[in-house]
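Participant: Provided herewith is a single structure, encoded as structure tokens, for subsequent inquiry.
What follows is calculated from the coordinates using simple rules that are stated; it is not laboratory data. No experiment lies behind these values; they were computed from the predicted model shown. Quick reminder, even Gly has a Cβ in these numbers, built from the backbone with ideal geometry, and neighbours come from all protein chains shown.
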Amino acid sequence: MGFFDFIREKKVYEGEIVDLRERYRVSAKQAYDGVATVYYEILRHEDKHRVGTIDLRLSAEGDMYYYGNVGYNVQKEERGNSYAYYACKVLFRIAKEEFGMKELIITCSPENEASYKTLMKLNGELLELVEVPSRHLLYTLGEKTKYIFRYRIDL
């Protein structure tokens, strides 16, 4: 039986401030972008209230470099509580322990100050500010440049 060939019970990964509950997995064959991805809900640890979502893309090669391995969204009314930061900390542990990943790429648009602050707080290495190729979907959506951060999780 393969990685995505069975229905899993929704596993919960506990963290200090937030927990991540796995929602579903998409294999590379099923994914519109050809990258296997695991989707999680971000739950406030104290009361299990859903405050957002986060996903782990198992590749950041080629055009996926501009998306990175991690995407997150915190509900508007829950912003300002560092939930994305704490969710990333839990996700780093999952990436290392469950998927054997040694580093992650996370990107953000220069206009997204909150995300930039989160990525700086995570103590990653700012690799570069890149121009998104005009042929890329992100470019057509108005994202012309991206900060690219690398996080080593093999330590």
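Participant: For region 122-136, give me each residue that is more than 14 Å from Gly68 (Cα to Cα) and surrounded by 10 or more Cβ atoms within 10 Å (Cβ to Cβ).
Facilitator: Leu122, Glu131, Pro133
Participant: It is to be established whether one or more residues within region 84-92 are surrounded by 15 or more Cβ atoms within 10 Å (Cβ to Cβ), farther than 23 Å from Glu131 by Cα and among the β-branched types (Val, Ile, Thr).
Facilitator: Yes, that holds for at least one residue.
Participant: Follow-up. For region 118-131, name all the residues that are under 16 Å from the mean Cα position of the chain (by Cα) and touching a residue at least 40 places away in the same chain (Cβ under 8 Å).
Facilitator: None; the set is empty.
Participant: Looking at Ser134, Ser109, Ser82, Ser115, can you tell me which residue is free of Cβ contacts under 8 Å to residues at least 12 places away in the same chain and either farther than 21 Å from Tyr13 by Cα or touching a Lys or Arg at 6+ places or on another chain (Cβ under 9 Å) (or both)?
Facilitator: The unique qualifying residue is Ser134.
Participant: Within region 116-155, restricting attention to residues that are charged (D, E, K, R) and part of a strand (DSSP E or B), which residue is nearest to Arg79 (Cα to Cα)?
Facilitator: Here the answer is Lys146.
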